[in-house]
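**Q** Right, I'll just put the structure down here and ask away after.
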Amino acid sequence: MARIAVAGFQHETNTFSPIKATFADFEAADAWPGLTRGEALFEAVAGINLPIAGFVKEARGLRHELVPLTWCQAQPSGPVTRDAYERVSALIVEAIREAGTLDAIYLDLHGAMVAEHIDDADGELLRRIRALAGPQLPIVASLDFHANVSPCMAEEASALVSFRTYPHVDMADTGARAARCLHGLIGRPRPAHALEQIDFLMPLTSQSTLVEPMRSLMDEAMVLERAPLQVVGLTAGFPASDVAECGPAVYACGDGSTATRHAARAIADRVRAREHEFALEIHTIDEVIAVARGMMPERGRPLILVDTQDNPGAGGNADTMHLIRALHGARIERVLAGIICDPAAAARAHESGTGTSIALSLGSQAGSLGDAPLDAEYRVEALGDGRFTGTGPFYLGSRFELGPMALLRCGEVRIAVASRKQQAADQAMFRHLGAEPADHAVLLLKSSVHFRADFGSMASRIMVVEGPGPNVPDPARLPFRKLRPGLRLRPGPGGSSA
Ligand SMILES: [Zn+2]
């Protein structure tokens, strides 16, 4: 039995978003718990599809003693404030200092966190913990599939274990893999590691492991993850991040530096060879409306429109109305859209009551360029308190806290409104308001890829649509300044390593 400290600090930073992540943002619950410390931690995350939950369950099964420290996350946004980063880091580092004798440390990290004052914020946290723990103590971190894995992270951790799916249906499973990996490292010398960074940015919507080329590339990486290697991880990177370490990478660790290096190189070369297959596929709103008009609606098989640029899971504000306005203007029938974050509109709907009509200036509160609120008369079809449990594979077990919610109807468009922003990746978010997604002809979802886990199988067609918002789908259109030399902003023809 080993004594293992357990902590987590997750943020996916879109450095192009002006809205920073404050300490209060890490304290607040949304789909996942707010900042939790000590004994309450394991109870707070139990049963949720989160790495820490999977780690705790597996490590307990392996009969280890777990020491809960601090866990928190905040919605993707602009950089983490210096105050929030230093306070959370100090909570973790000080708790490790006070924890007594430890045999290992587990960290539930995202891997694409940027703080106001530190570009490689995950690497810096690992560096501080390593400095305290000494060179040999096993430190294993689980990482998101969107981690921008840096040489510092690879150097300071004993092992990095990343998600294998996008949509991330294996978050808890990744925690369990991290537990087994950590179990194997206790009492042994640190494994060798290798990191191959790949020199092109992958648009988010081209990264899904449900479709090619990522589906088979991930399979190839999984096949190589066997003795003498402990980990072969392929991460797609989070492209909306203006830092030197931005981009996809392959990480391996295990016994023997040659085998480790060869495995990382082999998978990285496979990704490079298929570079052209990661090209962005996106449609204009006019193309989408032509498709919606021309289709023969099939019951239970909606057309799904993907509003990736306003995806709050990638730093969007979940409040742009541009696509909703276009669908309303074109009189497309039986549309369900969401989730729009507009606390004032939700409050007005609650004051007015179900079955009433209210004049609202809905959405666009964050003022995204090219967007405006939709001024109209809305019928309040349903109200909710924003408290419900996730049922789809991605948010499974999540205890949502989205504040007052309302289902508002404007012509043929029904809009689910919440008081806190959250990616539309679970049907429970609409069913909470009595709206059944499959009963609609068109679904407009504020998501990039995670929606596929719970909505993908019902879609007659999935179309990514151009619109306003900070999660610019084509990385080549972002005003980068800090990327490392040689990194291509969009997938090229492939096969080269220019
Ligand atoms: Zn992710």
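**Q** Counting only residues that are open to solvent by less than 40 Å² (accessible area, probe 1.4 Å), more than 16 Å from the ligand (Cβ to nearest atom) and aromatic (Phe, Trp, Tyr), which one in the stretch 1-55 is nearest to the chain's Cα centre (by Cα)?
**A** Of everything passing the filter in the stretch 1-55, Phe26 is nearest to the chain's Cα centre (by Cα).
**Q** Just to be sure I understand the filter: pairs with C-beta atoms under 9 Å, separated by 6 or more residues or on different chains, first member in the stretch 312-339 and within 16 Å of the ligand (Cβ to nearest atom), second member in a helix (DSSP H, G or I) and polar (S, T, N, Q). Which pairs pass?
**A** Between residues of the stretch 312-339 that are within 16 Å of the ligand (Cβ to nearest atom) and residues that are in a helix (DSSP H, G or I) and polar (S, T, N, Q), the close pairs are Ala314/Thr308; Gly316/Thr308; Gly316/Gln309.
**Q** While we're looking at this one, here's another question. Just wondering, is there one or more residues in the stretch 84-91 that are open to solvent by 10 Å² or more (accessible area, probe 1.4 Å), in contact (Cβ under 8 Å) with a residue 60 or more places away in the chain and away from the ligand (no atom under 16 Å from the Cβ)?
**A** Yes: one or more hits.
**Q** Restricting the stretch 216-230 to residues that are in contact with a helix residue (DSSP H, G or I) (Cβ under 9 Å, 6 or more places away or on another chain), within 22 Å of Ile139 (Cβ to Cβ) and surrounded by fewer than 24 Cβ atoms within 10 Å (Cβ to Cβ), which is modelled with the lowest pLDDT?
**A** Pro228
**Q** Is it true that Ser77 is of a type in the set (S, T, N, Q), within 16 Å of the ligand (Cβ to nearest atom) and crowded, with 23+ Cβ neighbours inside 10 Å? Please lay out each step first, then the result.
**A** Values: of a type in the set (S, T, N, Q): yes; within 16 Å of the ligand (Cβ to nearest atom): yes; crowded, with 23+ Cβ neighbours inside 10 Å: yes.
Against the criterion (of a type in the set (S, T, N, Q), within 16 Å of the ligand (Cβ to nearest atom) and crowded, with 23+ Cβ neighbours inside 10 Å), Ser77 qualifies.
**Q** Still on this structure: Quick one: in the stretch 412-444, which of the residues that are touching a helix residue (DSSP H, G or I) at 6+ places or on another chain (Cβ under 7 Å) and assigned to a strand (DSSP E or B) is farthest from the ligand (Cβ to nearest atom)?
**A** Val413
**Q** Restricting to the stretch 365-402, and then to whatever is among the polar types (S, T, N, Q) and touching a strand residue (DSSP E or B) at 6+ places or on another chain (Cβ under 8 Å), can you tell me which residue is most open to solvent (accessible area, probe 1.4 Å)?
**A** Going through the qualifying residues, I end up with Gln365.
**Q** Restricting attention to the stretch 135-160, which residues are part of a strand (DSSP E or B) and either away from the ligand (no atom under 16 Å from the Cβ) or among the hydroxyl-bearing types (Ser, Thr, Tyr) (or both)?
**A** Those that are part of a strand (DSSP E or B) and either away from the ligand (no atom under 16 Å from the Cβ) or among the hydroxyl-bearing types (Ser, Thr, Tyr) (or both): Ile139, Val140, Ser142, Ala159.
The values are calculated or read from the model by the stated rules, or taken from the named source; none is laboratory data. Not measured: the values here are computed from a predicted model. Note that each Cβ is placed from the backbone with ideal geometry, even for glycine, and that neighbours are counted across all protein chains shown. Accessible surface is based on the protein model in full, side chains and every heavy atom, while ligands, DNA and RNA are left aside. Shrake-Rupley method; radii C 1.70, N 1.55, O 1.52, S 1.80 Å.
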